[in-house]
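All remarks here apply to the structure that follows.
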Amino acid sequence: MHMWQGTFKRLITRKKNAILWHILSRLHTYILAFGCVNHWRGVWHVWDNYTGSGFVSSLVSIFLSLAILWLFRASRNALRPPFYLLLDCEHKFTVLTRYRTNISNDVYLYLLDLLFTVIIIGSAIVSYWRGVWTCLDNVLFPKNTELSGWISLGIGYGIIVVCYLLQYCAAEVSRRLRKYPRIIFEDLYLLILSFATVNVWRGIWYLSDIYIIPDKPLISGVVSHCIGLVIVFTMGTGRSLLTTGCAIDGELGDGRGVLFSHYITRQGNQIRNPHKVSVPVSMDTADSSENPETDEDYQDNEMGYEDDVEIRSSGRLGKRRSSTWWLNHFKLWYL
């Protein structure tokens with residue numbers, strides 16, 4: 001799928017056939033999400049089979065994965081919703097690799113970059129989640145899954161609410177720091193948020209096991225799968241299911257790296273500028289007047305913060321939202 005992304009972008013465009021684009025872009029998202037789940041499941045079970053699921057194994061999984069993610073400045077990729085969202089209306093069939101190589105320049109170099117991004121960075125993300133999840137299984141009421149799920153959900157949302165309220169203070173601190181101190185500060189801040197995110201997912205997962213047809217696991221899984229798909233694709237956030245691509249720690253300057261991605265503001269900005277493209281800023285060129293990443297293959301910010309930050313900082317959303325906003329919202333998704 002990654003190797004053919006350039007072909008997809010040329011043949012499947014919204015301007016040529018909007019209906020076909022909507023169908024194929026959702027199908028593309030679903031296939032990639034299915035692959036991501038299998039990748040996560042495989043790495044997770046390999047850890048459990050060879051190291052067990054005890055407390056020591058979970059700590060090794062956490063620290064080893066963090067070492068890899070921090071070493072390659074990729075720790076922000078451990079974040080998932082509710083911290084950030086990817087919108088279906090921004091789907092460009094583009095997947096960013098760690099070193100931003102271009103397949104049109106060197107196929108073999110791109111393939112190596114892609115394998116590194118998926119196998120090393122992607123597996124490290126899974127290992128971190130597995131470590132935190134397993135650690136919580138061992139220490140947070142291990143004999144009472146229901147209570148453990150509720151507490152985990154409360155911890156996760158509690159931390160996220162606090163971080164949400166403090167995000168602009170954190171952004172101001174980040175803005176005042178130089179390159180490497182800023183990266184360290186943002187990594188520590190996002191580490192707290194990633195811990196909260198794992199708690200939210202763990203809580204929802206266990207409570208779903210308990211309350212959604214618990215005596216029939218297969219039917220319960222199918223029901224959960226269908227409900228989740230209907231919700232994310234109806235809300236236009238199907239791409240949030242994906243763990244593809246690679247964002248770089250510190251590439252979003254001016255304090256933007258610690259800001260949440262907002263659903264309403266992102267959709268509002270897409271309604272006003274449906275064809276606007278965001279270019280991710282490289283850490284190495286953030287202070288330069290020139291940005292080499294202007295190739296079409298790179299014009300997609302996988303973490304999706306650029307538009308969100310712009311619209312919130314300008315304060316235009318509240319002024320422009322009207323009684324027809326949801327009608328425009330519907331047109332953006334389906335028309």
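Every number in this text was worked out from the coordinates using simple rules, so none of it is lab data. Bear in mind that the values here come from a model prediction, so they are computed numbers and not experimental data. Reconstructed Cβ throughout: ideal geometry from the backbone, glycine too, with neighbour counts over all protein chains shown.
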In whole angstrom, how far apart do the alpha carbon centroids of the stretch 54-132 and the stretch 223-265 sit?
14 Å
For the stretch 166-249, which trypsin sites (Lys or Arg not before Pro) pass both filters: DSSP loop (anything but H, G, I, E, B) and at most 16 other C-beta atoms within 10 Å?
178
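Assuming a ≥ b ≥ c are the square roots of the Cα gyration tensor eigenvalues, decide whether the stretch 35-88 counts as rounded (a/c under 1.5), prolate (otherwise, with a/b larger than b/c) or oblate. Could you put the intermediate results ahead of the total?
Details: a/c = 2.31, a/b = 1.43, b/c = 1.61.
Oblate, because a/c is 1.5 or more while a/b does not exceed b/c.
Is the shape of the stretch 97-218 rounded, prolate or oblate, going by the alpha carbon gyration tensor and its root eigenvalues a ≥ b ≥ c, with a/c under 1.5 for rounded and a/b larger than b/c for prolate? Let's see the in-between values first.
Values: a/c = 2.89, a/b = 1.36, b/c = 2.12.
Cα axes put the stretch 97-218 in the oblate bin.
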Can you classify the stretch 56-158 as rounded, prolate or oblate using the Cα gyration tensor, where a ≥ b ≥ c are the square roots of its eigenvalues, rounded means a/c under 1.5, and otherwise it's prolate if a/b beats b/c and oblate if not?
oblate
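On a full-extension model of 0.36 nm per residue, what is the gain between residue 254 and residue 120, subtracting their alpha-carbon distance, rounded to one decimal in nm? Mind showing how you got there, number by number?
On the way: separation 134, 0.36 × 134 = 48.24 nm, distance 2.89 nm.
Answer, rounded to one decimal: 45.4 nm.
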Estimated inter-spin distance, residue 184 and residue 46, nm [label 7 Å along Cα→Cβ]
3.2 nm
Under unit Cβ charges (Lys, Arg +1; Asp, Glu -1), what dipole magnitude, rounded to 20 debye, does the stretch 8-164 have relative to its Cα centre?
680 debye
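What does the net charge come to around residue 76 if you take all other residues with beta carbon closer than 10 Å to its beta carbon, with K and R at +1 and D and E at -1? Provide the component values of the computation, followed by the final result.
Details: positive: 73; negative: 186, 187, 249, 251.
Local net charge: -3.
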Starting from the 7 Å offset along Cα-to-Cβ, what nm value, one decimal, do you get for the label separation of residue 17 and residue 106?
3.8 nm
Mean Cβ neighbour count within 10 Å, used as a protection proxy, ranking 124-132, 34-42, 187-195 highest first:
124-132, 187-195, 34-42
